[in-house]
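The values are calculated or read from the model by the stated rules, or taken from the named source; none is laboratory data. Here the structure is a predicted model, which means the values were calculated and not measured. FYI the Cβ positions are ideal-geometry reconstructions off the backbone, even for glycines, and counts take in every protein chain you see.
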Amino acid sequence: MPESGPRGSPARAGFSLSQKVFSRASGIHLVLLVCLPHAWVQVRAPGLVERAVHACFPMCWRARPKITFGPTAYIPPVWLEEDFEMNASFRPPVVAFRSERFDLRKLNYFARIVELGSISRASAELHVAQPALSKSMRCLEFDLRTSLLERSSKGVRPTRAGEKLYAHCKIVFHQLELARSEIQGSLEEPTGSVTIGIPYSVNLILAAPLLRETLVRFPAIELQIVEEHSCSIAVHLMSNSIDVGIMVREGNLNPAIQAHDLVEEEFLLVRSSQGAERPDEAVRLEDVVDRPLILAKGQLRTMVEERFARRALRLAAVREIETFSMIPQCVEAGIGEAILPAGWISALGQTRTICTSFEEATMNRRLAICHTASRPLSYAALCVKDLVRQIAAGLIETGQWHSARMMAGPAAPVRTARR
């Protein structure tokens, strides 16, 4: 490439390149990148590169631009099509200005685009012009030096890097909400949204009292209840989809989940009241092993079979049902007998069935209230967590949750909204 001086008119090196230069109030900061059609490389000749910049941009010579030779970078092809005019017969060096560091505003834009799957829908919801939103995403991609969104006729979806960034966005926004909640918590009543996961077998006895007491004590808390299997609640906790979860504490939990024991409840044998003999007398596992049993699908069946296996017993006939609400109907119809947790049976009320305890002390399960150790709870979530323990203790004390006992856990201070 020919030499060029500070006052001379430099040669153009035989190619045409748009002299579209973006200036900043603090000065001109350039990042020089060499872009190939299907790859990207790092410039290793600063002296030659400086002369190339001056050859392409003579107006920049007097401004004495600061040229930064950073690590290898990537510019999505769509940027080149929109921001630069290049001669197709030659692949020139590309000069682009270094953008600002990404901020919370850009992260919020990105998160909403991912959640809605459309830039136009995010534009309408955020009340931001679509070109400005697209430009913010390009700046964010430039800052991270990777593509974050895949655009198609059906909308947009995150790339693998975009999925990682979205996960971090949720953590960042949660931490900000937590900071606001902790600062204002000592001055105001608890506010905000709290999502709690409750297993199917516990939801029937606990959900309604929890909703009622939350409305009475903490009217500013927006409580959302997710009904799932216990193993699914653990997944939701790890993905930060829920704040608090009630889980069956069976075996070793994920070390990233912090669990506090809540309730220990018995498994009961549920039989039809027609022709039942000695309904109040406890039964042994050996007496049940040959009977046709109806068990709920999933973790509950696994727990029951494991307790029989400890006594070297194997159930002869098992009918598996996924929906808990169908089990009492099947028992009343004489299809079989069922083994269910005491809390779920307590919430059913009057049915044409009878419940019998087992002689074996192992026929029980423990429930724990959990949250992720790496994600501190907001003040509102702490209030809901304490309220769950208070409600469970009240149900057991009044006999509404029979064949259960409270387990030792952290002291739950009585919190009420300030008036």
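The single condition among (1) more than 19 Å from S272 (Cβ to Cβ); (2) surrounded by 13 or more Cβ atoms within 10 Å (Cβ to Cβ); (3) within 32 Å of the chain's Cα centre (by Cα) that F324 does not meet is (1).
Of the residues in segment 182-189, not one is within 16 Å of G343 (Cβ to Cβ) and surrounded by 14 or more Cβ atoms within 10 Å (Cβ to Cβ). Exactly one residue out of V270, V304 is in contact (Cβ under 8 Å) with a residue 60 or more places away in the chain and either more than 20 Å from L348 (Cβ to Cβ) or aliphatic (A, V, I, L, M) (or both), and it is V270.
Residues in segment 331-345 that are of a type in the set (A, V, I, L, M, F, W, C) and surrounded by 20 or more Cβ atoms within 10 Å (Cβ to Cβ): V331, A338, I339, L340, A342, W344, I345.
Of the helices (runs of 4 or more DSSP H) lying entirely inside segment 303-408, those containing at least 2 residues that are in the same structural domain as D290 (by TED's automatic domain parsing) and in contact with a helix residue (DSSP H, G or I) (Cβ under 7 Å, 6 or more places away or on another chain) are 342-348, 379-397.
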